[in-house]
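I have placed the structure first, in the form of structure tokens, so that the comments after it can refer back to it.
Taken together, the values in this text are just the output of simple stated rules run on the coordinates, not laboratory data. The shown structure was predicted, so the numbers you read here are calculated from the model rather than taken from an experiment. With ideal geometry, Cβ positions are generated from the backbone for all residues, glycine too; neighbour counts draw on all protein chains shown.
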Amino acid sequence: MKKPSLLLLLLFTAFFAVAQKKQIDSLRLELGKAQTDTMRYQALMKLSVTYFISTPDSALIFAQQAYSLTKKNNWLTGQARCLNNMANAYGVLGDYVKAISFYLKAMRIYERGNDLFQMSLVNDNIGATYIEQQDYKKALPYLRLSQNQLNTFALSHKILLVHKRNQAIIYENTGECFMNMHQADSARHYLNICYDESKKLNFTDLIGPIQRDLGEMEADKGNKAGALQFFRQAVINTKANDDGEDLSIAYLSIANLYHKYRKQDSAEYYAQKAIEAAAAGKYVQDVLNAGKVLYTFYDEDHNLPQAYKYFKITAAAKDSLFSQDKVKQLLSLDFDEKERLQEIEATKTENRNKVRLYILLAGLGVLLLLVIIFWLANKQRKKAYHLLQRQKQETDLQRTKVEHTLDELKTTQTQLIQSYNSVSVLSQIGKEITSTLNLDTILNTVYEKVNELMDASVFGIGIYIAEEQSIDYRMAIEDGRRYKPYRRKMDNKNQLPVWCIENNKEVFINNVKEEYINYISEYAEVNNATLDDGSRFKSPVSLIYLPLTVEEKVIGLITVQSFREDAYTHQHLDILKTLASYTSAALYNANSFETLQTTVNELQLTQKQLIQSEKMASLGELTAGIAHEIQNPLNFVNNFSDVNTELIDEMEQEIAKGDLSGIKAISLTIKENEKKINMHGRRADSIVKGMLQHSQSGNGKKEPTNINALADEYIRLAYHGLRAKDKSFNAEIVTRFGPDLPKIEVIPQDIGRVFLNLFNNAFYAVNRKQKDNGADYKAEVSVTTSTENGQLRIKIKDNGIGIPDAIKEKIMQPFFTTKPTGEGTGLGLSLTYDMVVKGHGGKIEVITKEGEFTEFVVALPLNQN
């Protein structure tokens, strides 16, 4: 993980000694009491720094507000600090282009003052941002420049601890850059320097990430023991510094190392630790990374329930990131729009001042001339007439010049107003284009708006399909008549749209026959496009092609074409560029929404199938579940059977030819396929036995299990599951695990499901009570383990709504539920009872008082043999 140099965080270190919530409340109070721009600026910057890691979008908003104050007061150093804060926030949000753009703006301000230290930090941040984008060749020059600037600064200044710390960060980023470029010697050189320096100067927050990088290098060399030692040290140090994100990354490195050496249990264990650390710190990207790894591991093990579980977690993380991206885009668009309006208003103000100045100068000139005229009239009466005539001519000339200047200023003002109106119109059009997620509606809206603003005798939007190397024209219109949908293949490079997409540049032509040579060597009309009414299309004379891009990736193109020469100006090109950016965002959002909707539909369908399977399992009707589970091995059996049929046909042909060698080869292949058919048949048989283990006693595989670890895992799983549905829900989790608790022989999957059902019910009960009682109520769910009279006892208690006495005896019955329709199947406690009593020879009892609490006590015999 790259380490940015946190510029402003170092300036406000003292503010981080207090708890964050108390600090935020204090800063908001300070902002409300601020009476001057200076006080407001300081309060806004403190809030921006405080929100930097936990809520980067809020940090961005406060930094933007502070930036407006620095612009108003022309505080250059303050502007640079605001730009750095905004760049840091954009980096956390994943908008690296914006981050680098704002870093460069800050750099230009620091360069004016020749502030080498701040320039060094900004260059390090730019390099670190390129590392995040995995563009290590671009990152390295910025990191080297950062080193040189810091060294030059050190020659003429006293070096403080903060300077040495940032030098260590620069070396760490440089080492990580070389590591990812597979230049091991250079990477080890820089990492060892910053490692030694960090230990010497006690930079504890840097030591853990450096150890993880050194462990990755040992893993690349094949030194498993050395890599594992570094990874474990990284875990210890990141825990000590309460660095949840680096802790998650270190755990994931251990998981990948074990997976590399085929130690699947250990790999899955540390991957689960990684996702727990990421979830605890709300690091969504790290939750997504760990979730993908766990999904892959369990899929390899054919553990479908666990694979599905982490698939859902990954989907939720993606959904969260998608929402963050939308917030990021809106913040960016809003800020850019404000900047443009401010620049337009500044220009209008400047022009008004110029007009006033010209009028004032003209008035002073006229007044001066009149004074001169009267003075000369008194002194030389005889020359008065000629002098007055001459002065009148000069006055008329001056008036003419002033009037000409005023006309020019009015023209400029009109152009500025038109430009402002164009920005407003385009902004409104952009809102219309991006306000829908329906692809056809987007395409039709773009066509209507473009047709209003310029000659769009021919209009088209093509979607670039990289996998098929083609351009799919979803919409193409000529004089109001639609083309039939068609595709252009990218293999013919002498096509203007192909040039546009491959070069990611616009094509601007006002005479096709004379100007095509600027882009391609030969020009040929498209030959596979026809209009819906069957008529022949006409050849354009003027045209514009613009690439549609999202994050510098080409997703398609937009084109307008005219049958007139010189139909387009650069103003048309600028308008179309603006519309193209809106169109790109809208198409990307529509595609993302379609993908997300498909995922949601698939998850809903899967959820319904799982609920139905659970009901059928409880009733002994497992046909649908078995059919679903054995589909894969049956597919293999069917496929190999089909192959064998074909091979037998080939064998008959070889027999007819008398080719014994061919017959032997085919027979060996058939024999191998029969072994595979047998293997997958046995696999299907094992799946059927595994799915029947709930209803057939003695089929479950018991193994020594740490009940404390299992309960701890599932209580947190249930809590975060409800939190994912209801962000407002909070509850205190209390664990009282008995020390030195022995492992007992149980079926971990079954007992895990028991815990999950009971924890889900507990959190549901306290959530209901929390919504009824409000802030005065403090939700609490506890789990207690102990041994007593040859039994291991697990007590799960909540201070929720309790269970009425009238239904207490019914809660273990199948299909009985007190939850609203659609929120419960009524099978959870029934299956829980079966798993504990029938599956493990245990006991389960409930102690409750309506409106106050519920406690489930699960008792399992210590000797399960």
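Note on Lys702: aspartates and glutamates with a C-alpha under 17 Å away, same-chain residues under 8 apart excluded, are Asp265, Glu745, Asp750, Asp834.
Here each label is just a point 7 Å from Cα along the line to Cβ, and for Tyr358 and Ile655 those points are 10.4 nm apart.
Charge dipole (Cα centre; +1 on Lys/Arg Cβ, -1 on Asp/Glu Cβ; no other charges) of region 444-580 amounts to roughly 280 debye.
Here the extension length gained between Asn202 and Gln285 equals 27.0 nm, from 0.36 nm per residue of separation less the Cα-Cα distance.
Considering all different alpha carbon pairs of region 65-127, the Kirkwood hydrodynamic radius works out to 11.6 Å. Rounded to the nearest 5, the antiparallel percentage of DSSP beta bridges internal to region 693-813 is 70%.
Extending 7 Å from Cα along the Cβ direction at Thr735 and again at Lys493 yields two label points whose distance is 6.2 nm. Using only side-chain charges placed at the Cβ, +1 for Lys and Arg and -1 for Asp and Glu, the dipole size of region 715-863 relative to its Cα centre rounds to 320 debye. Ignoring aspartates and glutamates fewer than eight residues from Lys725 along the same chain, the ones with Cα atoms less than 15 angstrom from its Cα are Asp319, Glu823.
Go ahead and run the numbers for FRET between Arg399 and Glu522, Cβ-Cβ distance against an R0 of 60 Å, rounding to 0.05. Using R0 = 60 Å, I get an efficiency of 0.45. Using Cβ point charges alone (K and R +1, D and E -1), the dipole size of region 146-279 about the Cα centre works out to roughly 320 debye.
Count Lys and Arg as plus one, Asp and Glu as minus one, and take only other residues whose Cβ is under 9 Å from that of Ala278; the net charge is then -2.
Shown is the FRET efficiency for Asp440 and Glu852, computed with R0 = 45 Å from the Cβ-Cβ distance and rounded to the nearest 0.05: 0.20. In this structure, the pairs whose alpha-carbon distance is over 27 Å, taken from Lys199/Lys292; Lys819/Lys849; Lys771/Lys849; Lys489/Lys513, are Lys199/Lys292. Dipole of region 705-827 (Lys/Arg Cβ +1, Asp/Glu Cβ -1, origin at the Cα centre): which of Ile811, Thr787, Val766 lies farthest to the positive side? Among Ile811, Thr787, Val766, the one farthest towards the positive end of the dipole of region 705-827 is Val766.
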